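Since every read-out is calculated from the coordinates, none of them should be taken as a lab result. Everything quoted here is computed from the prediction, not taken from an experiment. As a convention, Cβ positions derive from the backbone with ideal geometry for all residues, glycine included, and neighbour counts pool all protein chains shown.
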Amino acid sequence: MLLRVIISPNNIKKISMPDLPSSLQSLKEILQDQLQLNKGFILQFADPEFGNELCNLTAISELPPEKATLKVIYEASPDPDGSDVPDPDGSDVSLSSLDTASPPSSCSSPGTSRRVSAWPTPFPIPTFAYDVELRLQKGNDAYKEKGILLEATRDMKSDILDKIAQAVFEITAYPEPKERESIAIALVNKHPCLREPGSGNGWNGWNISIAFKIGNYRQKLRNAGCEEVKVNERRGNHGRPFKKARRAEVNFLPNHPAGQSEDSLEKDRDSITIEMEKRNPNMTFVSGAMDRTFSLRRKEIVEQEPHVVLVKNRWPALFLEYQVNCEFHRLTMINLKRTFLEAVDTHTPRLLQMFRNRRAHLGEEMQTLLDSLDKQTSDISMHRKTVALRGLPLFLKDYGAEKILTTCLNTDPEADYTKGVKMAIMTVIEDDVGASASPPHIEDYAIILEEIVVMHNICDLPNAFALFFGLLYALNFQYPKELKYTCEVIQKVFLGLGDVCSARVQSFKNKLLQ
């Protein structure tokens with residue numbers, strides 16, 4: 001099978017596959033791996049039935065035989081699947097409908113300083129000053145004809161680095177080493193006359209210069225009052241903790257929207273609290289106000305690191321299912337629930353196969369989980385996904401995961417099962433099964449943070465996992481050490497946020513994607 005993949009108007013690649021994968025998700029993962037694409041996109045294909053006009057690809061069987069043209073569409077543009085979002089003109093939107101909807105596909109609005117996309121691959125080199133572009137054009141022509149490299153003048157190099165630093169900050173304030181390397185590589189690929197003869201790869205010197213320039217640019221922004229970098233300003237001999245995006249957050253600590261102050265945003269926060277106290281709150285208004293106050297909320301959470309009880313009192317709407325999904329989208333530009341649940345659907349068969357292959361080495365608890373698959377007679381699909389998620393920490397050897405994935409009876413007093421619990425996903429079962437051999441009836445799933453039940457009435461374990469993970473991001477919590485590798489798998493394998501994995505997770509990823 002030959003595929004022509006359109007990533008952008010100037011980036012079109014050809015891929016040859018011996019056989020097409022069995023599912024659309026598998027095809028996406030192969031394209032992500034081979035083309036180094038960010039997660040969070042849909043695929044369109046040239047449909048021969050409509051004169052090769054582009055249509056959304058919903059199944060592998062829709063592709064024509066032998067060869068096909070695909071187009072990558074990132075979901076930072078208007079929501080391609082038409083998922084329902086709150087109607088800005090409506091005032092009677094129910095809480096339940098908002099909890100199950102997808103977040104707005106773009107959380108940025110005029111006057112905000114929020115970013116709207118994750119790190120692009122490849123990095124788009126900006127247009128430089130007119131005179132610099134002229135020199136580069138002539139330099140590229142000379143390199144193509146005679147192999148002559150251009151010796152960039154000081155002012156020319158300064159303009160190039162300034163424009164790159166500005167372009168980088170539009171995406172992130174703290175690019176990772178691999179991301180900086182991708183900038184240098186993209187620069188010499190676009191302008192080969194800038195290759196450095198003394199560097200084995202031709203771009204190492206540019207990589208070093210870009211790193212220094214970005215650091216200098218952060219200092220300028222810090223002096224100008226940019227919150228995202230000002231928070232890391234050192235004072236005296238006792239510097240404050242270094243606070244920056246460490247888990248692929250796109251909007252970690254944005255400035256307030258233009259024309260807004262802490263006082264005006266605090267009034268919006270008060271109005272959210274008042275609205276949430278009503279029997280039937282106007283959830284459209286709440287959603288809009290939560291979006292406007294994102295910068296104030298992040299400033300409080302990142303700088304003050306308040307206890308959960310204080311956050312819940314000040315921001316009660318943050319603990320709604322819909323708002324957890326929205327907050328994660330504001331932070332990462334990824335639709336949390338949709339992306340996570342699709343990944344669980346895709347990987348469950350392979351995960352169960354991996355568990356069975358190593359069941360003799362994974363202990364009695366894994367054996368019990370796998371045996372429970374044979375006893376389940378209803379909703380088998382959900383039970384398989386539940387077993388896959390419960391077995392994931394066991395397979396990754398996350399010792400102590402039982403402290404996070406806990407169980408209680410519906411008759412237990414809340415104070416008993418929350419006491420001393422820093423964080424947990426609680427499975428609530430009915431207290432009427434006794435010694436019965438049948439599986440216990442699960443009544444509810446709940447999330448506990450700092451001895452408080454912050455969310456409950458969650459329909460199933462996959463949704464509970466997604467919401468728990470979303471709250472870790474929303475509250476800027478570190479991953480619990482008991483689920484260290486499981487959380488890394490969710491972040492980097494299931495959600496595609498970051499590509500540098502620990503040795504254990506990289507080994508797991510290789511086996512999962514075999």
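Here are some notes:
- Each peptide in 136-147, 20-31, 467-478 was scored by the mean count of other Cβ atoms within 10 Å over its residues; highest first, the order is 467-478, 20-31, 136-147.
- Dipole moment magnitude, nearest 20 debye, the chain about Cα centre, only Lys, Arg, Asp, Glu C-beta charged: 2560
- Cα shape, the stretch 2-74, gyration tensor, a/c 1.5 rule: rounded
- Over the chain, relative contact order from alpha-carbon pairs under 8 Å, at least 6 apart, %: 12
- The charge dipole of the stretch 345-457, taken about its Cα centre with unit charges on the Cβ of Lys, Arg, Asp and Glu (plus for the first two, minus for the last two), comes to roughly 840 debye.
- Local electrostatic count at Leu449 - Lys and Arg +1, Asp and Glu -1, tallied over other residues with Cβ under 12 Å: 0
- Measuring r between the beta carbons of Asn204 and Ala258 and using R0 = 41 Å, the FRET efficiency lands at 0.55.
- Working from Cα pairs under 8 Å separated by at least six residues, relative contact order for the stretch 2-74 is 39 percent.
- Reachable aspartates and glutamates, given that their alpha-carbon falls under 13 Å from the alpha-carbon of Lys138 and they are not under 8 places away in the same chain: Glu151
- Pairs exceeding a 26 Å alpha-carbon distance, out of Lys190/Lys511; Lys244/Lys481; Lys419/Lys509; Lys244/Lys312; Lys385/Lys492; Lys14/Lys213: Lys190/Lys511; Lys419/Lys509; Lys14/Lys213.
- Degrees, to the nearest 10: 380-395 long Cα axis against longest axis of the chain: 70
- Net charge, Ser23 excluded, C-beta distance under 12 Å - Lys, Arg +1, Asp, Glu -1: -1
- The stretch 130-230 - charge dipole about Cα centre, Lys and Arg +1 at Cβ, Asp and Glu -1, debye rounded to 20: 160
- Label-to-label distance, nm, for residues given as Gln137 and Ile429 (7 Å Cα→Cβ offset): 7.3
- Residues Glu342 and Lys244, FRET efficiency given R0 of 41 Å [Cβ-Cβ distance, rounded to 0.05]: 0.90
- The Cα atoms of the stretch 362-512 give a gyration tensor whose axes a ≥ b ≥ c have a/c of 1.5 or more with a/b no greater than b/c, which makes the shape oblate.
- Computed over the chain, the per-residue total of -39500 (n - 2.57) for DSSP H runs of n ≥ 4 gives a 222 nm mean residue ellipticity of -13500 deg cm²/dmol, rounded to 500.
- Listed peptides 293-299, 213-219, 500-506 appear in the order 293-299, 213-219, 500-506 once ranked by packing, highest mean of other Cβ atoms within 10 Å at the front.
- Here the residues Asp432, Asp444, ranked from fewest to most Cβ neighbours within 10 Å of their Cβ, fall in the order Asp432, Asp444.
- A full extension of the chain between Thr127 and Lys397 corresponds to an added length of 92.3 nm, given 0.36 nm per residue minus the alpha carbon distance.
- In the chain, taking the dipole from charged Cβ atoms about the Cα centre, the farthest positive-side position among Pro393, Gln219, Gly139 is held by Gly139.
- The simple Förster model, with R0 at 56 Å and r as the Cβ-Cβ distance, assigns Thr153 and Arg358 a FRET efficiency of 0.40.
- As a rough guide to protection, the peptides 57-68, 303-314 ranked by mean Cβ packing within 10 Å, highest first, stand as 303-314, 57-68.
- From least to most packed, judged by other beta carbons within 10 angstrom and beginning with the fewest, Phe252, Phe169 follow the order Phe169, Phe252.
- Other residues with beta-carbon under 13 Å from the beta-carbon of Asp460 carry, at +1 per Lys or Arg and -1 per Asp or Glu, a net charge of -1.
- Taking the number of Cβ atoms within 10 Å of each Cβ as an exposure proxy, the fewest-first ranking of Ser209, Ser287 is Ser209, Ser287.
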